[in-house]
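Comments concern the structure below.
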Amino acid sequence: MLNVVIADAELELIPGEMLDDYQVRKYAKKRKKPAAEVLLDSNFLHGAIERHFPGGSTRMGRPDIFYILLQVLQESILNKRGLLRVYIHTKHNKVIHIAPQTRVPKSYNRFVGLMEDLFKKQEIQSGQEKLLTLKDADLFSLLDDLGKEVVLLSPRGRPSKPEDIIREDMSLVIGGFAEGDFQTDVYSRYSAHSIFPDELTIWSVASEIVVRYECMFGPL
């Protein structure tokens, strides 16, 4: 089993400090939702983020990252064979578990709406099946509960070939942000590896590991 754990993800509802911002109010009105129930998205709220969190717009509010990532992971052969589990740990210590049978909406707007429903309801079901669940948990508690060997990937890590760090039963940790570094002190607990000399998107990193895992232990 391969667990993919996205750590310190920049996925959150609009912070309280921003709720009265004119750009936020306009965006929420357009979405026909209370501002406090709207997902923070720097694609539309770049200016508002900069007003309240100077310099934060390059990192904060990036649901688009997870839209692409989940399209890649949930549609992978490894997931279709039941050998993949995906977890998103947010920077505010919320953990989203994505069930293997979950299919990500093809529309980005529908995906955003799905995430907003999840933050509001704590779970998304289809019939009797729980597709998405949201719980309070820090990263270390999540990884301890999973009970697998942890492999941490970071541009700061030791250069390593993917084949040398992949294990048949493991939890792969990737940062859930476009810029910067982990907020959780992962380096004090895990050794970091880097699979490429330049920075990669999180979906590129995840897909490289998933495909190699498929070849080494999976259905390919």
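The values are calculated or read from the model by the stated rules, or taken from the named source; none is laboratory data. Predicted, not measured: the structure shown is a model, and the values here were computed from it. A quick note on method: Cβ atoms are made from the backbone with ideal geometry, for glycine too, and the neighbour counts reach across all protein chains shown. Note: areas computed on protein heavy atoms with side chains; ligands, DNA, RNA excluded. Shrake-Rupley method; radii C 1.70, N 1.55, O 1.52, S 1.80 Å.
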### Query
When the chain is treated as a GNM, springs tying every alpha-carbon pair under 10 Å, which of Phe177, Phe44, Phe66 comes out with the largest mean-square fluctuation?
Phe44
## Note on the structure
In degrees, nearest 10, the alpha-carbon axis of helix 108-121 is tilted away from the dominant principal axis of the alpha carbons of the chain by 90 degrees
### Message
Taking the 0 to 90 degree range and rounding to the nearest ten, how far is the long axis of helix 202-217 tilted relative to the main principal axis of the chain, both from C-alpha atoms?
### Response
30 degrees
### Query
Lys pairs in the range 92-220, Cα-Cα under 13 Å, at least 8 apart or on separate chains: how many?
5
### Task
Among the aspartates and glutamates, select those whose C-alpha is under 12 Å from the C-alpha of Lys33, and discard any that sit fewer than 8 residues away in the same chain.
Glu116, Asp117
#### Entry: Degrees, to the nearest 10: 42-52 long Cα axis against longest axis of the chain
70 degrees
### Task
Wrap a convex hull around the Cα atoms of the range 89-220, take a quarter of its surface area, and give that in square nanometres.
9.4 nm²
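For the chain, what's the relative contact order in percent, using C-alpha pairs closer than 8 Å and at least 6 residues apart?
For the chain, the relative contact order is 26 percent.
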### Span from the the range 163-220 Cα centroid across to the the range 41-113 one, whole angstrom
17 Å
### Query
Heavy-atom accessible area of Lys91 with all protein chains present, probe 1.4 Å, nearest 10 Å²?
40 Å²
### Query
In terms of the ratio Rg/(2.2 N^0.38 Å) built on C-alpha atoms, what value belongs to the range 1-126?
1.10
### Query
To the nearest 20 debye, what charge dipole does the range 88-174 have about its Cα centre, counting +1 at the Cβ of each Lys and Arg and -1 at the Cβ of each Asp and Glu?
420 debye
### Task
Quick one: what are the phi-derived ³J(HN,Hα) couplings along the range 123-128, Karplus 6.51/-1.76/1.60 with θ = phi - 60°, whole Hz, x for glycine and proline?
7, 10, 10, 10, x, 9
### Query
For Cα extents along the principal axes in Å, the listed values are (1) 51, 34, 33; (2) 48, 46, 30; (3) 52, 42, 28; which was obtained by calculation from the structure presented?
(3)
### Task
Using per-residue counts of other Cβ atoms within 10 Å, averaged over each peptide, order 1-7, 56-62, 141-147 from highest down.
1-7, 56-62, 141-147
